[in-house]
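Below: the structure, in structure tokens.
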Amino acid sequence: MSVDKAFRDMIRNEIEVQLKPLRDVVARLEEGTADLDALRNVAERLAPLAEVVGPLFGAQIPAAAKGVRRGPGRPPAARSSVTAAPAAAGGKRRGRKPAAAGADGARACAIIGCGKPSRTKGYCAAHYQKLRMLEKTHRRPSDWKDYADPDSVDDIKLPRGRAASKALAAAAQAGHAG
Ligand SMILES: [Zn+2]
């Protein structure tokens, strides 16, 4: 009897011993009396053993655990289609509303012709930014009131380039004077 065979026999016996609790659990599963803890215990006991001796007997360690060779053909279908589905069913969409304001209580921006929903003090995000900037540079028009009525305030065109710097300087002067 070769050393190799003796070794294999020894392992085989060891596996027999290790497998006994598994058989017990399987029997209880068949009777419907198994508890998951027992199953987990067996799995934990078998895990290292399977890794070490499994290859000796040509056993395949589950590909999921090892990341080694999968069989021919396509891998099992991903479950993305199942998990992705429920979100669409819920109805309400999240996120900001598109431009159509006023439909369900959201005020429109105070600036005439803007049409975006108001975000802050009656102004849309962009026009509130503009309002803040005008305020900071002492150029806020008197009709740019907080919470002005929707679509009621004339937008103003800001000067550009040199005219802009001039206007800013003038406004700053006025601001300091006032
Ligand atoms: Zn606006």
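The values are calculated or read from the model by the stated rules, or taken from the named source; none is laboratory data. The shown structure was predicted, so the numbers you read here are calculated from the model rather than taken from an experiment. Cβ coordinates were reconstructed from backbone atoms using ideal geometry, including for glycine residues, and neighbour counts include every protein chain displayed. Only protein heavy atoms, including side chains, enter the accessible area calculation; ligands, DNA and RNA are left aside. Shrake-Rupley method; radii C 1.70, N 1.55, O 1.52, S 1.80 Å.
Points to keep in mind about this one:
- A count restricted to the stretch 118-149 and to residues that are at negative phi and near the ligand (Cβ under 10 Å from one of its atoms) stands at 11.
- Selection from the stretch 146-168 of residues that are open to solvent by 40 Å² or more (accessible area, probe 1.4 Å) and closer than 19 Å to residue 106 by Cβ: 146, 147, 149, 150, 151, 152
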